[in-house]
Amino acid sequence: MALVGKKGNIAWASGQVAEMGEFSFDVSVDTEETTSFGSDWKTFLATLASWTGSCQGRFSGTDAAQKAMRTALLAGTSATVTGTLTTGVVVSGEAILTAMNISAPVGGVITVSFDMQGSGPITLPT
């Protein structure tokens, strides 16, 4: 059954980030080649897993969670990020913010995006 994102939200530390309209989490696993002489096909072994994430939406100068994210970015501190996909379906992990982009078009709404690097495991829906 397909899920709709409109019931989602993202939280940084303990506060829901206001004005966000999209987030993503990307999980990957490194591999190491283990092919032996005489093989016609390469073989691989899974090694370390990692994840990154991002969120974007409208900029808020007053939202406490957006302020906390800007402060954490400049300080290089980590926090738990939690993305709620829909009611009861959650992705979460410890992350360090790596980038922020603020865009202020003359004919549009000011937007902000944050990129993050996971530090340790990510909890995925089962």
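Bear in mind that the values in this text are calculations on the coordinates, not laboratory data. In this text the structure is predicted, and so the values were computed from the model without any measurement. A quick note on method: Cβ atoms are made from the backbone with ideal geometry, for glycine too, and the neighbour counts reach across all protein chains shown.
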If you go through region 23-52 one residue at a time, how many are touching a Ser or Thr at 6+ places or on another chain (Cβ under 9 Å) and in a strand (DSSP E or B)?
19
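Quick grid of which residues meet (1) surrounded by 15 or more Cβ atoms within 10 Å (Cβ to Cβ); (2) closer than 18 Å to LEU97 by Cβ; (3) within 21 Å of the chain's Cα centre (by Cα); (4) touching a residue at least 60 places away in the same chain (Cβ under 8 Å):
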position: GLY5; (1), (2), (3), (4): no, no, yes, yes
position: GLY8; (1), (2), (3), (4): yes, no, yes, yes
position: VAL17; (1), (2), (3), (4): yes, yes, yes, no
position: MET20; (1), (2), (3), (4): yes, yes, yes, no
position: VAL29; (1), (2), (3), (4): no, no, yes, no
position: THR34; (1), (2), (3), (4): no, no, no, no
position: ASP40; (1), (2), (3), (4): no, no, no, no
position: THR43; (1), (2), (3), (4): no, no, no, no
Sole exception among (1) without any contact (Cβ under 8 Å) to a residue 60 or more places away in the chain; (2) farther than 17 Å from GLY8 by Cβ for GLY88, by number
(2)
Region 100-118, residues that are assigned to a strand (DSSP E or B) and surrounded by 13 or more Cβ atoms within 10 Å (Cβ to Cβ)
MET100, THR111, VAL112, SER113, PHE114, ASP115, MET116, GLN117, GLY118
Taking the condition closer than 21 Å to VAL112 by Cβ and in a loop (DSSP other than H, G, I, E, B), does GLY61 pass?
yes
